[in-house]
Structure formats: structure tokens, C-alpha cells
């Protein structure tokens, strides 16, 4: 898989999320400060609720901007055969005939993109899966959390 294309797709998705969060934060801020949102009585919380929402959305936007910066710093070079899994690695796993492709990213675990027809899920070193994979190599077997119990996976490739 082309790591540069993967990084480009991840950054594009994060930038789209950032634009959405920024617009939502501005809208919430405008609602919170609008004259029509002024409290009608002591129990009216519309303005205060909008202000809390704007603050939360602004915080999400800050986190997304940090993630974009972190992804832009990653090297698009592929790993050599035998290299260990680390942040920036594309990991292909196989379990019971099912192949899964993961990207060990610095932030925003759970993000999914499709690159060259392949679905890739971002995992981080903060997750149980990420902690299990760091330092492993192609051919290693790991037990990763499953729905009912841990499932054995084989690392097919690290790129």
C-alpha cells in the first residue's frame, strides 16, 4: 500500500472534520452571544448551553489541528522487511482467514479511510491493540481483544 496516499487520505479526512468542527463552534458561539438567546427568566439556559457547546467544539477543533500537525510530520517511507511495528507503520493482520489492515498513528484512533480499495483503521499506542503490536514483526502472533475473548492474529506484513 502506498503510505503517502494513506497519509494524504488521513490528513484530508482530518481537515474536513476540522472545518466542520470549526464551523459548528462558530455557529454555537453566535447562538450563545446572540441577543435573541438572552435568558427570558432565571431558568432559561439556552445561552449558557450554547456557550458550553461552543467551548467543547472549539476544544475538538484544537485536538484535530494537533492531529493534522502530527500526521504531517510522519514519514511516508515504507519499512524494511524485518522492521518492528512503530508509529507510522501499516500492519496487515490475519485471523481465521480475515485480513485487517491497520495504521499505527500518533492520534485519532478509530479513524477509517479507504485507500486503493483497502479499508484502513487507525490505531494508536494508547489502545490495547496498539500496545500489543508495538515492537512486533511480520510473522509474529498476537492475542488481540475480541468481542467474547482475545483472538489470535498473525502479523502478515509491516510496511
Self-check item: Any chance residue 138 is over 12 Å from the mean Cα position of the chain (by Cα), at pLDDT 95 or above and closer than 17 Å to residue 71 by Cα
Solution: no
Practice problem: Please determine, by comparing only the residues of region 76-94 that are in contact (Cβ under 8 Å) with a residue 60 or more places away in the chain and surrounded by fewer than 18 Cβ atoms within 10 Å (Cβ to Cβ), which one is nearest to residue 149 (Cα to Cα). | Solution: 94
Quiz item: Does region 84-108 hold any residues that are at pLDDT below 95 and touching a helix residue (DSSP H, G or I) at 6+ places or on another chain (Cβ under 8 Å), and which are they?
Solution: none
Exercise. Filter region 95-117 for residues that are surrounded by 15 or more Cβ atoms within 10 Å (Cβ to Cβ), under 19 Å from residue 145 (Cα atoms) and either free of Cβ contacts under 8 Å to residues at least 40 places away in the same chain or more than 11 Å from the chain's Cα centre (by Cα) (or both) and give the result.
Key: 95, 100, 101, 102, 104, 109
Quiz item: Is it the case that region 57-74 has a residue that's part of a loop (DSSP other than H, G, I, E, B), out of contact with any strand residue (DSSP E or B) (no Cβ under 6 Å at 6 or more places or on another chain), under 17 Å from residue 5 (Cβ atoms) and without any contact (Cβ under 8 Å) to a residue 24 or more places away in the chain?
Solution: no
Exercise. Return yes when residue 147 is assigned to a loop (DSSP other than H, G, I, E, B), without any contact (Cβ under 8 Å) to a residue 40 or more places away in the chain and more than 14 Å from residue 1 (Cβ to Cβ) and no when it is not.
Key: yes
Exercise. May I ask you to say which residue of 55, 67 is at pLDDT below 95, closer than 30 Å to residue 19 by Cβ and surrounded by 12 or more Cβ atoms within 10 Å (Cβ to Cβ)?
Key: 55
Exercise. Any chance you could count how many residues in region 125-141 are without any contact (Cβ under 8 Å) to a residue 24 or more places away in the chain, in contact with a strand residue (DSSP E or B) (Cβ under 8 Å, 6 or more places away or on another chain) and either under 20 Å from residue 79 (Cβ atoms) or in the same structural domain as residue 13 (by TED's automatic domain parsing) (or both)?
Key: 4
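The values are calculated or read from the model by the stated rules, or taken from the named source; none is laboratory data. Predicted model, so just to flag it, every value in this text is computed and none were measured. Because the Cβ atoms are built from the backbone with ideal geometry, glycine has one as well, and the counts that use them run over all protein chains shown.
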